[in-house]
Structures are given as structure tokens and as C-alpha cells.
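Some notes on the structure that comes next.
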């Protein structure tokens, strides 16, 4: 047991990682008297699917919000691709290749699925008001290319039959798939998924895992929060365990599952 | 798929609500035409009404591009309208205490510039915050603008208002004197009715041409913007701003653009009004205008440009149509055997409250039976040249689904 712990500790050291896409150093955030993130330090290596687990209230979602720019940290640093993005706006963080999804699927009322997909691509010429009137050709060209790409990705996700359905009329699980597909249109280097499998039925959950694996093979790095242990242990390596706002340990799924500290944290006691 | 080239196909392609709207619009037009031809409605007054309707359509467009597109709650429609009206009035009128004497076209640009600056000034502090802050700030702004106009006499003439505003085409080569040069015509569509078309009529016609141009240009711009990736980001912000931020959109900049654009269109309505009425006073900045325009946008269907157009016209119909009621004093229903006589003087003496009642009832009925408005956006909004197959019509309309209804 102690050997395993040692090994895990070695892997925890973020400085030993070579090609780091996300580095979090000594990150702190508190809401009033509640310390949500307590000197968290970890790194995500390029080309991995890194899992982020921890008991309820461990501060996983807060950490996501801090990393993606939705919250401003009280202290510490966030680096994406070697650039300091601490305290930047979410859109600026996204410019550095980090895209996130949300725990509850966000509904785009009044849009069809493929329309909702088209929000994904970044730096569309048609997002400039003046281009609409002075360069309509360029706008149309890119829109066409984006639509094609969106339809291809929907096909790869096997949900192309939903393309012209209203985006609010599909099931929760399908929404999760659409959300993942849309995030891919933004061509992220690092994709943060907040509980991708929550509320998704088992069949669709397997499909989702397959998709994440496939995208991972195509070169996207993932950091995902997940409560479903089977899902995360099958998919992620390494797994980071968060407890009370700080990083408890990091290691391969097997080591994490058998670690006494992790078990204690989940059972809720410093026995 | 034009109405003229393929009327049957056009009709078949409409939803039930759209058919209802088309039918009532046609019926209303026939009614107006009948009124005109029988002499019940004076042609000059009719053209004035068309001008007012166009003005309301512009205001609705402006609000729609803020509330309908991005979900920005702006309660200072009347203020931006007033800025437009006073901007051009103070630049061009003889009685202007500050500038005066400039061409109306100069007034137009000055008014738009002032409105744009004011929109920026109110947007910079509030658009970074939650939606409700803009609502509160704009409510305050409307009062501030109104009170400044009322009290800064050395700038605005105060409660006396600004008189002597020229026609919009003042100083233009041909158009400036066109109404005077047109021959006076007398048309007799039926024996017994006589329509006199003289200088005031031609002047009013020219005004209508101005407003039609304003409305047309604004509609064209908004329609293109609505179907573009730009509009799509705005609609994403309206549905869920955090999602737009997570996907890397600078939502603050987008909201600012949408807010300024809407404010400019509202100011444009004000500019037109000043040159239509030739007199502006602080009373024109009455906050009730703001709420009329809100009703127009909600009635037409938030987010829909043609809905805003429709809503604007309906509001003018209610606003101006109720004026006719003041002439009513009694109504006699002659059933042959007995004649029932109704005393209607309570209506004629209460037209203003009645107008509010009508609008109130309209809103209640609308919210109960058609909360999405009469003409909500019905079809996919993708850049026109891209989707070659017109997207299959969505039976319920994309927007017409109650949230959560079909979840799981």
C-alpha cells in the first residue's frame, strides 16, 4: 500500500510532467468563510484524459470556474499552453485553446440543433457586424464550411437525424452529446467536461465514452469531472482527487481506487 | 417563393398564425381603402397615420434588436426617441436656442451620434452586470433625459418645445419644393365623394416616402444581422450568456453592439417624428411611449423583425383608432319593432383610460393564448446562401415549445 502511495505521490508532482497544457499553481478561492479552493496545484499533460474526482463539495466545479475564467481566483496562477491566463475573461481563456461545458446542459431556445452547433466555431467572420455588409461573400463561405463541419460532426456522433429538430426538444442525454459536439467545433486543445455522464442513460453513456475516446485519439486533451466511478475509471488516466479544495492525490485509476486517503475522503472522515 | 410569383405556394407555406395575420392585414387594408374611397378618411390624415405607424415600427425594430435579439431590457425607448427628435430639431429649427438653421440631414447625423454616445455611456457600466441592472439604469436614464429637456431652458426651450422645424427634405434640390409644385388634384372615385389632393397631401406623401425608406433600410439591416453568425451569438446570449462566454464569445462587446444598434434605430424614429410633426416638446418623451413599444414587440413576437413591424402597426391602430371613439355619443340599434338606444358618452369622455384598458386586455389575452407573440421567429436562421434546401418548416415553430415539456 505504501509503495503505491509513493508512486502516486511521484506522479502528483506537476513539475515532472513534460508537455503540460494546463498548469494550476497554488490556486485559492473562498466565498465568505467557505474556502472552496485551498491552494490547489496540479497539471494536465497534453494527450491525456485526466479525471477530476472528489466527494460532493470538494470544490471541483469551483476549480473549473476558476480555470475557465468564470471566477476570479483570490490567489495563485492558471497557465494554459504556457501562458498566464489568471483573471482573464472566459473568452480570452478560450482564445488560448481551453473550452468548457456545463454540468446541466444549456438549452438554446429558439434554435434547431444544427443552428445551436453553429455557435461553436471560433473567430467566424460573420460575427463582425460590419463584415455582414461589407464582406458578405466571406461570411457566407465560412458559414457554409462551418455548417458542413457541424453536420459531419453530428454524423460522427450519430445524431445527424436530430439536425433540424428544435434544440430544446431533444433528450437530456442527446443534449450532452450536442454540447460535446459543439465544443469540438471550437477546436479546443483542452476540453473541460463538467459531469458529462450525469443524467445520461447507460446506453448513451457508453456512446459518450466512446466519443470522448475517439476525440482523444484525434488529439484533444480532456479534463473531466465525474461522479460515476465506472465511467471515469474506465476512461481517465491519470485521475486527480480533490478534497476540501486541495489536491489529495493524483495517480492511475487503480492506485486511486485503493488509496486509503481517497477512501477516507469519500467515506467522510479523518478516521 | 414570392407572394406575387406563387401566391398559392406562399399561402400553403404559412403557419396558421401567419395566415391569420395575413388575412387580418388584408382585411384591415381593405377597410382603410374603403374609408379612403368613401371619403370617411382624409387622404392626408391617412398618410400621417402611415407615418406614425412607420415611426412605431422603427421603435419596435430598435427594441427588438435589444430585447428580442440579446435579451437586453431597455426601458428608455422614449429617451432615445426623444434624443433623436430633439437632436435634429435643435440643429435645424429656427427657434433652436443653440444651433439651428442646419439642414435636416445634418440634424439626422448629429442626433444619431448623440444617441450612440448616450447608449455607450449607459452600456459601459451596466452591460457587464446582470440583465436587471440595465433595466434599472435605463429606467432612470429615461427620466433624467426627460427632466433635462424640460428644465434646461437655455438649451432646449424647456416646456415651450422647439417650433419651426423644417421638412426633412429642406434644402434638397427638387424634393424641397415638390409638394408646392405638384398640381392640385381632385379625384372622384364614386359619384358624391371627392378627394382633394393638394400641397399638404403631397407633403405627407413625401414624409411617408421618408419613413418607408427608414423602415426599409432598418428592416434590411436587421434581417441580415438576424440570420448571421452575429445574430446567432446574440440569440445565444439571450438564451444563456454563460454558454456564449464558455464558447469564447466576448459577450460584453456583442451586447454593446446590439444595444447601440437598437438605440440608433430608436433615435432614427425620433428624427423622423420631428420632421413629421414639425414641433417637439418634452411631452414627446413621456415614458408611456416606452411601454407602447414594449407591447408592440411582445405582441409581434420577441426576436422577430416582421413581428415588430406588425406589433408597431397594431399599437398605432389602437392608439389612433380610439380617437374616433371620442366622436361617439350614442348608438341606436334599430330592430324594427323596438329601437334600442345606448348611451355611449361614457366612452367618448374616457378615451384615454379606455385605450389603456384595451391594451391591457390585449396583453392578458395574448399571454394566455399566445405567449410567444403573433409572429415569432419560425424558421432556422442560417446565412441565406448556405442552406440551399429551404429548411423544412417546424410545425410548432422552434420557439413555440414550452421549456422542459419534452425533456427526457
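Can you go through B:61, B:81 and tell me which one is out of contact with any strand residue (DSSP E or B) (no Cβ under 7 Å at 6 or more places or on another chain), crowded, with 21+ Cβ neighbours inside 10 Å and under 16 Å from residue B:257 (Cα atoms)? Write out each step before concluding.
Values: B:81 fails: under 16 Å from residue B:257 (Cα atoms).
On inspection, the qualifying residue turns out to be B:61.
Is it the case that residue A:181 is within 14 Å of chain B (Cβ to nearest Cβ), within 14 Å of the chain's Cα centre (by Cα) and assigned to a helix (DSSP H, G or I)?
It is true that residue A:181 is within 14 Å of chain B (Cβ to nearest Cβ), within 14 Å of the chain's Cα centre (by Cα) and assigned to a helix (DSSP H, G or I).
Looking at (1) crowded, with 16+ Cβ neighbours inside 10 Å; (2) in a loop (DSSP other than H, G, I, E, B); (3) over 25 Å from the mean Cα position of the chain (by Cα), which one does residue B:171 not meet, given that it meets all the others?
Here residue B:171 meets the rest and fails (1).
Those residues that are more than 8 Å from every other protein chain (Cβ to nearest Cβ) and either surrounded by fewer than 21 Cβ atoms within 10 Å (Cβ to Cβ) or not in a helix (DSSP H, G or I) (or both), I need them from the range A:102-120; list them, please.
A:103, A:104, A:105
Quick check on the range A:124-144. Is at least one of its residues more than 7 Å from chain B (Cβ to nearest Cβ), surrounded by 22 or more Cβ atoms within 10 Å (Cβ to Cβ) and modelled with pLDDT of 90 or more?
no
If you go through the range A:91-101 one residue at a time, do you hit one that is buried (at least 19 other Cβ atoms within 10 Å of the Cβ), more than 10 Å from every other protein chain (Cβ to nearest Cβ) and in contact (Cβ under 8 Å) with a residue 12 or more places away in the chain? Can you show your working first?
First, the residues of the range A:91-101 that are buried (at least 19 other Cβ atoms within 10 Å of the Cβ): A:91, A:93-94, A:96-101.
Among the residues that remain, those that are also more than 10 Å from every other protein chain (Cβ to nearest Cβ) are: none.
No - not one qualifying residue is present in the range A:91-101.
Quick test for you: out of B:75, B:46, pick the one residue that is without any contact (Cβ under 8 Å) to a residue 24 or more places away in the chain and under 18 Å from the mean Cα position of the chain (by Cα). Before the answer, list the steps.
Values: B:75 fails: without any contact (Cβ under 8 Å) to a residue 24 or more places away in the chain.
The unique qualifying residue is B:46.
Taking the range B:278-303 on its own, how many of its residues are under 13 Å from the mean Cα position of the chain (by Cα) and more than 13 Å from residue B:356 (Cα to Cα)?
Narrowing the range B:278-303 to residues under 13 Å from the mean Cα position of the chain (by Cα): B:289-300.
So of that shortlist, the ones also more than 13 Å from residue B:356 (Cα to Cα) come out as B:290, B:293-294, B:296-300.
Residues in the range B:278-303 being under 13 Å from the mean Cα position of the chain (by Cα) and more than 13 Å from residue B:356 (Cα to Cα): 8 in total.
Among the residues of the range B:99-108, is any farther than 16 Å from residue B:214 by Cβ and in a helix (DSSP H, G or I)? Before you say what the answer is, go through the steps one by one.
From the range B:99-108, those farther than 16 Å from residue B:214 by Cβ are B:99-103, B:106; that's our starting set.
This time we only want the ones that are in a helix (DSSP H, G or I), so: B:106.
The answer is yes, given that some residue of the range B:99-108 is farther than 16 Å from residue B:214 by Cβ and in a helix (DSSP H, G or I).
Can you pull out every residue in the range A:148-172 that is within 12 Å of chain B (Cβ to nearest Cβ) and out of contact with any helix residue (DSSP H, G or I) (no Cβ under 7 Å at 6 or more places or on another chain)?
Of everything in the range A:148-172, those that are within 12 Å of chain B (Cβ to nearest Cβ) and out of contact with any helix residue (DSSP H, G or I) (no Cβ under 7 Å at 6 or more places or on another chain) turn out to be A:148, A:166, A:168, A:169, A:171, A:172.
crowded, with 23+ Cβ neighbours inside 10 Å, at pLDDT 95 or above and within 30 Å of residue B:93 (Cα to Cα): is that true of residue B:270 in this structure?
It is true that residue B:270 is crowded, with 23+ Cβ neighbours inside 10 Å, at pLDDT 95 or above and within 30 Å of residue B:93 (Cα to Cα).
Does the range A:128-169 hold any residues that are free of Cβ contacts under 8 Å to residues at least 40 places away in the same chain, over 18 Å from residue A:106 (Cα atoms) and outside any helix (DSSP H, G or I), and which are they?
Matches in the range A:128-169: A:128, A:135.
Would you list the helices (runs of 4 or more DSSP H) that sit entirely within the range A:192-271 and hold 1 or more residues that are more than 21 Å from residue A:155 (Cα to Cα)?
So the answer is A:229-235, A:253-258, A:260-267.
Looking at the range B:357-370, can you tell me whether even one residue there is over 26 Å from residue B:52 (Cα atoms), in a loop (DSSP other than H, G, I, E, B), modelled with pLDDT of 80 or more and away from chain A (no Cβ under 14 Å)?
yes
The values are calculated or read from the model by the stated rules, or taken from the named source; none is laboratory data. Computed from a prediction, not measured in an experiment: that's the story for all the values here. Positions of Cβ are generated from backbone atoms using ideal geometry, with glycine treated the same way; all protein chains shown enter the neighbour counts.
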